[in-house]
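Q: The structure is given below, and queries will be raised subsequently.
The values are calculated or read from the model by the stated rules, or taken from the named source; none is laboratory data. As the structure is a prediction and not an experimental result, all values here were calculated from the model. Positions of Cβ are generated from backbone atoms using ideal geometry, with glycine treated the same way; all protein chains shown enter the neighbour counts. Side chains included, ligands, DNA and RNA excluded: accessible areas come from the protein's heavy atoms. Shrake-Rupley method; radii C 1.70, N 1.55, O 1.52, S 1.80 Å.
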Amino acid sequence: MTVKAEKIAALPGKPFTHGRSAELYDLGDGKVLKLYFPEFPESDVDLEYNNTRVAFALGCTPMECYAKAECEGRFGVILKKVAGISMTKMPEKNPLILFKAGRLIAEQHVMVQSRHSDDLPDLREKAAANLDTPQFSFLDGARREKLRAYILALPAGNSILHYDFHTENILMDGKECIVIDWMTAVKGVPEAEVAMMDFLHHHAELFPGSSKAQLAFYTAVRTFIYNSFLKNYIKLTGMSPDAPKPWYVVALVMRRAWDIASEKEYLEGEIVRLVDEMK
């Protein structure tokens, strides 16, 4: 469903920050405009609008989404301005946060997954639909259908899953954590989120333009955070360490659909290997 957009006549000054897909502008009055780059599909902006409103209504985030917006041919969303900096940048102010990050992220996972809704896309259906996009031309027909059948046979669920739950998407204001960027949110079972966490903290692209020394440091930090997260998550939920494994190929399918060039070789190779191992 296409959401009607509010028209904004001109950009409100310069963006105060930007990411891979969007820029953020301060609108004043406690609001920010998250404006996506021109090549970004309007349908994905509609998805973020809906997902963020669902997450806010269920108490998963205090970041309210007020409206969809259009400015100079670009689409975006108008959000509540929240205080805080990303958990990624917190060690610059408080290095000790590294020793708490895994526990804090685990607690946020448990909080979000305790909420349930049928108003988000089903993870299995979305992953299966991705197989028909150009990013999956590397799969022959037999492998594609084998993988589709495997995905759709996995257990259904309606827990809220953020599905891009890394430190850059968690803001910290004092002791409070705020989960942001809900475009990737889906409904499913909690184990599927943990499978994506495995990929994000071991194989996802790090910050483009970083030096080799910086990349080595970031790799070590995210591995440390993941190990702490998993230990704390298992303690909080009682989940078996092996429970996320059937969902790992789903995480890879979802990530390949993002079409990140640096991840392409790993993702395609692993997807083919995992499909060939399926009985």
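Q: Please list the equivalent ellipsoid semi-axes of the stretch 1-80, computed as the square roots of five times the alpha-carbon gyration tensor eigenvalues, in descending order and whole angstrom.
A: Its equivalent ellipsoid spans semi-axes of 19, 15, 11 Å.
Q: In whole percent, and with a 1.4 Å probe on the protein chains, what portion of the accessible area of the stretch 88-143 is carbon and sulfur?
A: Of all accessible area on the stretch 88-143, carbon and sulfur atoms account for 54 percent.
Q: How large is the accessible surface per residue of the stretch 55-182, computed with a 1.4 Å probe and reported in Å² as a whole number?
A: 44
Q: Normalised by the residues of the stretch 111-192, what does the relative contact order come to in percent, with Cα pairs under 8 Å and at least six apart?
A: Relative contact order here is 43 percent.
Q: List the residue ranges in the chain for DSSP H helices whose C-alpha atoms run 15 angstrom or more along the long axis and whose Kyte-Doolittle average is 0.5 or above.
A: Going by DSSP H runs, the hits are 190-200.
Q: Between 111, 197, 254, find the one with the highest GNM mean-square fluctuation for the chain; connect C-alpha pairs within less than 10 Å.
A: 111
Q: Still on this structure, I have one more. Just to confirm a number: summing +1 for Lys and Arg and -1 for Asp and Glu over residues other than residue 274 whose beta-carbon lies under 14 angstrom from that of residue 274, what do you get?
A: That works out to +4.
Q: Next up: Please compute, for the alpha-carbon atoms of the stretch 71-180, the extent along each of the three principal axes and give them in descending order in Å.
A: Rounded to whole Å, the extents work out to 52, 41, 29 Å.
Q: Which of the GluC sites (Glu not before Pro) across the stretch 1-44 are loop residues per DSSP, with 16 or fewer other Cβ within 10 Å?
A: 39
Q: What spacing in nm lies between the two simple spin-label points modelled at residue 216 and residue 262, each 7 Å away from Cα in the Cβ direction?
A: 1.7
Q: Let me ask another. Under a crude label model (7 Å from the Cα following the beta-carbon direction), how far is residue 17 from residue 103 in nanometres?
A: 2.5
Q: Next question. Using a Gaussian network model of the chain with C-alpha springs under 10 Å, which one of 267, 230, 154 is most mobile by mean-square fluctuation?
A: Highest fluctuation among the options: 154.
Q: What value, in deg cm²/dmol to 500, does the helix sum -39500 (n - 2.57) over DSSP H runs of n ≥ 4 give at 222 nm once divided by the residues of the chain?
A: Rounded to the nearest 500, it is -13500 deg cm²/dmol.
Q: So which chymotrypsin sites (Phe, Trp or Tyr not before Pro) in the stretch 28-111 end up in coil per DSSP with only 14 or fewer other C-beta atoms within 10 Å?
A: Sites meeting the loop and neighbour criteria: none at all.
Q: Sticking with this one: Taking θ as phi - 60°, what are the ³J(HN,Hα) couplings along the stretch 178-186 by the Karplus curve (6.51, -1.76, 1.60), each to the nearest whole Hz, with x for Gly and Pro?
A: Computed from phi, the couplings for the stretch 178-186 are 10, 8, 10, 6, 9, 4, 7, 4, 9 Hz.
Q: Assuming R0 = 45 Å, what is the FRET efficiency of residue 173 and residue 129, from their Cβ-Cβ distance, to the nearest 0.05?
A: FRET efficiency, residue 173 to residue 129: 0.75.
Q: Would you please classify the overall shape of the stretch 107-242 from the alpha carbon gyration tensor, given that a ≥ b ≥ c denote the square roots of the eigenvalues, rounded means a/c under 1.5, and beyond that prolate means a/b larger than b/c while oblate covers the rest?
A: Note, shape of the stretch 107-242 comes out oblate.
Q: I've got another one for you. Please list the non-local residues whose amide H lies under 5 Å from the amide H of residue 69, H modeled 1.01 Å from N, same-chain partners needing a gap of 5 or more.
A: 6, 76, 77, 78
Q: Additional query: Report relative contact order for the stretch 55-134 in percent, whole number only (criteria: Cα-Cα under 8 Å, sequence separation at least 6).
A: Relative contact order for the stretch 55-134 comes out at 19 percent.
Q: Moving on. Taking just the alpha carbons, could you work out the radius of gyration and Dmax for the chain, both in angstroms?
A: 18.8, 57
Q: Could you give me the percent of Cα pairs per 5 Å distance bin for the stretch 167-279, shortest bin first, beginning at zero and ending with the bin that holds the maximum distance?
A: Values per bin, smallest distances first: 2, 9, 17, 21, 23, 17, 8, 2, 1, 0.
Q: Select from 211, 159, 21 the residue whose mean-square fluctuation is largest in a Gaussian network model of the chain (Cα-Cα springs shorter than 10 Å).
A: Of 211, 159, 21, the Gaussian network model singles out 211 as fluctuating most.
Q: If you stretched the chain out fully between residue 223 and residue 276, how much longer would it get, using 0.36 nm times the residue separation minus the C-alpha to C-alpha distance?
A: Taking residue 223 through residue 276 to full extension adds about 16.3 nm, to one decimal.
Q: Relative contact order for the chain: what is it in percent, counting Cα pairs under 8 Å that are at least 6 residues apart?
A: Result for the chain is 19 percent.
Q: Using DSSP to define loop residues, name the GluC sites (Glu not before Pro) in the stretch 196-279 whose beta-carbon has at most 14 other beta-carbon atoms within 10 Å.
A: Taking the stretch 196-279 and a limit of 14 other Cβ atoms within 10 Å, the loop GluC sites (Glu not before Pro) found are 205.
Q: I'd like the FRET efficiency for residue 245 and residue 111, computed as 1/(1 + (r/R0)^6) with the beta carbon distance as r and R0 of 25 Å, rounded to 0.05.
A: The pair residue 245/residue 111 has a calculated efficiency of 0.55.
Q: Holding the Cα-Cα limit at 30 Å, pick out from 100/126; 34/231; 14/187; 4/245; 89/264 the pairs that are longer than that.
A: As for pairs spanning more than 30 Å Cα to Cα, those are 100/126; 34/231; 14/187; 4/245.
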